[in-house]
Amino acid sequence: MKKKKRNKSEKAEKRKSFGKSLKRWVLDILFIALGAFSYSLAINMFTAPNDIAPGGMGGLATVINHVSGGAIGIGTLFALINIPLVIAGFIKLGRMLMVRTLIAVVFVSIGTDVLKPFFPVYEGDRILAALFGGLLIGTGLGLVYYREGTTGGTDIINKLIQKAKPYLSLGSITMITDAVVVLISVLVYGNIESGLYAVVAIFVGSRVIDAILYGTLQGKLVLIFSNEPEKIGSAIVNDLSRGATMLNGTGVYSGNSKNVICCAVHKNEYVKLKRKVREIDPSAFIITAVASEVLGEGFHSND
């Protein structure tokens with residue numbers, strides 16, 4: 001009798017876990033699709049028609065498309081360039097990240113080429129094209145990054161850099177790697193203005209990315225009150241590669257003893273930490289404070 005009850009409980013738990021996993025993947029695909037659409041809209045409506053290559057593989061594909069006289073679509077070039085990079089990503093960054101990346105690459109490619117006739121084209125003031133192009137690109141990349149994916153290309157390179165230097169924001173890393181593509185675009189288009197407008201678009205995009213992922217916060221000090229402190233502590237150490245301190249606390253009202261987890265994380269780790277805590281204990285009580293600077297073993301100053 002007890003065995004039957006245990007089997008029913010296990011089946012119920014598996015169904016619940018499957019439901020959560022399915023919901024997460026539906027949200028992942030929805031956010032990635034919206035992000036890809038925003039990215040494609042930026043290229044077709046604002047940047048490509050105005051000879052602006054705003055970094056990344058999208059910018060490189062725009063430059064190659066210009067050189068070929070439009071013989072090969074930007075979306076097709078985007079997909080072709082990403083094939084070897086996605087393969088490398090599967091090896092270095094893990095399967096789940098690359099599955100999301102593949103979804104993003106497919107959506108961007110389809111959105112850029114197949115939906116191109118349906119996009120309006122803006123060929124007015126190039127500074128406005130750079131500003132709104134950067135806004136849409138930053139929104140697109142931010143939505144994809146928010147669901148722990150990438151749009152391939154330099155995004156994969158950016159993720160590898162962030163993995164080695166977790167205190168650097170994705171927006172800042174993106175700005176640095178995009179500079180190479182901007183230099184190429186200056187040479188191809190034959191005028192420095194294209195490069196300057198691209199820098200404007202990249203800067204705006206990087207600010208939007210950081211705003212979506214981190215808000216205005218620079219760092220986080222997190223106190224976690226949970227009935228599963230050991231599991232959460234293990235997840236912090238193993239999944240985030242961060243340390244944590246278990247504090248002994250006593251409830252003033254109840255008088256019960258309870259362990260409190262104290263953890264300091266850099267701003268680009270907070271979203272993942274919060275998700276991990278919610279996965280382990282949905283009823284956990286989390287207090288988050290701004291940390292202007294975190295120093296010590298395992299952390300680095302931005303100076």
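The values are calculated or read from the model by the stated rules, or taken from the named source; none is laboratory data. This is a predicted model, so every value here is computed, not measured. For neighbour counting, all protein chains shown are included, and Cβ atoms are generated from backbone atoms with ideal geometry for every residue, glycine included. Accessible surface is based on the protein model in full, side chains and every heavy atom, while ligands, DNA and RNA are left aside. Shrake-Rupley method; radii C 1.70, N 1.55, O 1.52, S 1.80 Å.
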Criterion: open to solvent by 70 Å² or more (accessible area, probe 1.4 Å), among the charged types (D, E, K, R) and either in contact with a strand residue (DSSP E or B) (Cβ under 6 Å, 6 or more places away or on another chain) or at pLDDT 80 or above (or both) - qualifying residue of E297, E279, E293, E228: E279
Any pair with Cβ under 7 angstrom, 6 or more apart, that starts in the range 134-162 at a residue that is among the aromatic types (F, W, Y) and ends at one that is open to solvent by less than 30 Å² (accessible area, probe 1.4 Å) and at pLDDT below 90: Y145/L170; Y145/I209; Y145/L213; Y146/L213
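State the number of residues belonging to the range 187-225 that are assigned to a loop (DSSP other than H, G, I, E, B) and open to solvent by 60 Å² or more (accessible area, probe 1.4 Å).
Within the range 187-225, residues that are assigned to a loop (DSSP other than H, G, I, E, B) and open to solvent by 60 Å² or more (accessible area, probe 1.4 Å) number 3.
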Exclusive hit being out of contact with any Lys or Arg (no Cβ under 9 Å at 6 or more places or on another chain), modelled with pLDDT under 75 and among the aliphatic types (A, V, I, L, M), set M1, M45: M1
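For the range 60-74, check the following and say yes or no: at least one residue is among the small types (G, A, S), open to solvent by less than 50 Å² (accessible area, probe 1.4 Å) and within 23 Å of I209 (Cβ to Cβ).
yes
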Filtered residue count, the range 95-127, keeping only those that are exposed (fewer than 13 other Cβ atoms within 10 Å of the Cβ) and out of contact with any helix residue (DSSP H, G or I) (no Cβ under 8 Å at 6 or more places or on another chain): 6
Residue list for the range 239-270, restricted to those being closer than 28 Å to D28 by Cβ, at pLDDT below 85 and open to solvent by 40 Å² or more (accessible area, probe 1.4 Å): D239, S241
Contacts under 9 angstrom Cβ, first residue in the range 190-209 being without any contact (Cβ under 8 Å) to a residue 12 or more places away in the chain, partner surrounded by fewer than 20 Cβ atoms within 10 Å (Cβ to Cβ) and assigned to a helix (DSSP H, G or I), 6 or more apart: I192/V186; L196/V186
